[in-house]
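Take a look at the structure set out below.
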Amino acid sequence: MAKTIAVLTSGGDAPGMNAAVRAVARAALSKGIKVYGVRRGYNGLLNGDVFEMNLRSVSDILSKGGTVLYTARSPEFNTKEGVKKAADNCRKLGIDGVVVIGGDGSFRGARDLTGEGIPCIGVPGTIDNDISSSDYTIGFDTAMNTAMEMIDKIRDTAQSHDRCSVVEVMGRRCGDIALEVGIAIGASAILVPEVPYDLKKDVIDVLLKNRETGKKHFIIVVAEGIGGIDGIVKEIEAQTGIETRGTVLGHVQRGGSPTLRDRVVASRMGYRAVELLEEGQSNRVVVMKDNHIVDYDISEALAMKKQFNIKLFNIAHEISI
Ligand code: ADP
């Protein structure tokens, strides 16, 4: 049973991480567990950049984007010596449990730190929804809503000029943002890394067919993992004669106040992470499965393969005519 725990955010930031930090701190304090906030991910464990949290340390952060604990990628922690040093620093501070909010990379770190004797629990925080063990990751809903709002604005100008707009959204390995946002904004085509595509058949022919039935402006949503949109923009314009513009939404999708869904999921996951440490468990990751909060062994979770929702992808294309 953990008596003193620490919480950190690691890897890419995501809206809702603050709600998770708040839930961890408040759950710990309500259970009589001492809790430290660690700044800048694993770097804070290496440098001793930690502070003891009280009930008011996490006031007014629920609605804030980013992470008040800051985040970082730590090359030093990604070494055997680094993990040992972090574990020794934890022991010096009496930390006997760590909640790591981040992505798969951060969970590998959590597994290594557990291996050095410091029980860790992972909480999935990343906008891409690219954690194979979880149906949902903290930040995904906010990022999608931001992308949707931005593309609604792009549509206004595409419509005024009878243009085609190709919009790149985030998702290097995972097309979930592109898929759901594409449906929400009525994309003529959606390109994701999980499904091979033929630009002529899957995009250009679709635009030409849509134009025959009177459609005059078009939005194509492309996941970052496709490898850039410049070539796609040029090819569409060359082959259809439709004026085509490209927009890369980029980091705007990472920021902003978290949606209700992200705040609630983050609060539930953060709370469960503390419960697990209180129960004396370690090397677990808290995930969402069929709308329930469950937990898996980190190694098992890392070995899982993410299933892309091909059924939804096919529906999206069928109703984009
Ligand atoms: P994310 O958690 O968003 O996937 P990264 O993959 O960048 O982000 O991982 C965040 C940090 O986790 C890395 O900078 C490193 O310190 C730590 N980490 C990643 N992989 C490992 C590993 N195999 N062993 C130890 N630490 C790791």
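The values are calculated or read from the model by the stated rules, or taken from the named source; none is laboratory data. Everything numeric in this text was worked out from a predicted model, so none of it was measured. So basically every Cβ, Gly included, is an ideal-geometry build from the backbone, and we count neighbours across all protein chains shown. The accessibility values were calculated without ligands, DNA or RNA, using every heavy atom of the protein model including side chains. Shrake-Rupley method; radii C 1.70, N 1.55, O 1.52, S 1.80 Å.
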Scan the stretch 71-95 and report the pairs whose first residue is over 26 Å from Val274 (Cβ atoms) and whose second residue is more than 9 Å from the ligand (Cβ to nearest atom) and of a type in the set (Asp, Glu), with Cβ atoms within less than 7 Å and a gap of 6+ or a chain change.
none
Any chance the stretch 98-113 includes a residue that's more than 8 Å from the ligand (Cβ to nearest atom) and touching an Asp or Glu at 6+ places or on another chain (Cβ under 6 Å)?
no
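Looking at Ile121, is it more than 9 Å from the ligand (Cβ to nearest atom), of a type outside the set (Gly, Ala, Ser), crowded, with 24+ Cβ neighbours inside 10 Å and within 21 Å of Asp290 (Cα to Cα)? Break it down into steps so the answer makes sense when it comes.
Details: more than 9 Å from the ligand (Cβ to nearest atom): yes; of a type outside the set (Gly, Ala, Ser): yes; crowded, with 24+ Cβ neighbours inside 10 Å: yes; within 21 Å of Asp290 (Cα to Cα): yes.
It is true that Ile121 is more than 9 Å from the ligand (Cβ to nearest atom), of a type outside the set (Gly, Ala, Ser), crowded, with 24+ Cβ neighbours inside 10 Å and within 21 Å of Asp290 (Cα to Cα).
I'd like the residue in the stretch 15-40 that is touching a Lys or Arg at 6+ places or on another chain (Cβ under 7 Å) and outside any helix (DSSP H, G or I) and, out of all such residues, is surrounded by the most Cβ atoms within 10 Å (Cβ to Cβ).
We begin by selecting, within the stretch 15-40, every residue touching a Lys or Arg at 6+ places or on another chain (Cβ under 7 Å); these are 16, 18-19, 33-34.
Filter once more, so that each one left must be outside any helix (DSSP H, G or I): 16, 33-34.
On the way: Gly16: 33, Ile33: 20, Lys34: 17.
Applying the filter and picking the extreme gives Gly16.
Go through the residues of the stretch 78-90 one by one and say whether even a single one is among the hydroxyl-bearing types (Ser, Thr, Tyr), surrounded by 16 or more Cβ atoms within 10 Å (Cβ to Cβ) and near the ligand (Cβ under 10 Å from one of its atoms). Let's see the steps before the verdict.
In the first step, residues of the stretch 78-90 are kept if they are among the hydroxyl-bearing types (Ser, Thr, Tyr); the result is 79.
Okay, now just the ones that are also surrounded by 16 or more Cβ atoms within 10 Å (Cβ to Cβ), so none.
No - not one qualifying residue is present in the stretch 78-90.
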Any idea which of Gly41, Gly16 is touching a Ser or Thr at 6+ places or on another chain (Cβ under 6 Å) and within 16 Å of the ligand (Cβ to nearest atom)?
Gly41
Scan Ala238, Ala273, Ala301 and give me the residue that is at pLDDT 95 or above and open to solvent by 60 Å² or more (accessible area, probe 1.4 Å).
Ala238
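Farther than 18 Å from Arg111 by Cβ and in contact with a helix residue (DSSP H, G or I) (Cβ under 6 Å, 6 or more places away or on another chain), is that true of Val21?
Numbers: farther than 18 Å from Arg111 by Cβ: yes; in contact with a helix residue (DSSP H, G or I) (Cβ under 6 Å, 6 or more places away or on another chain): no.
The answer is no for Val21.
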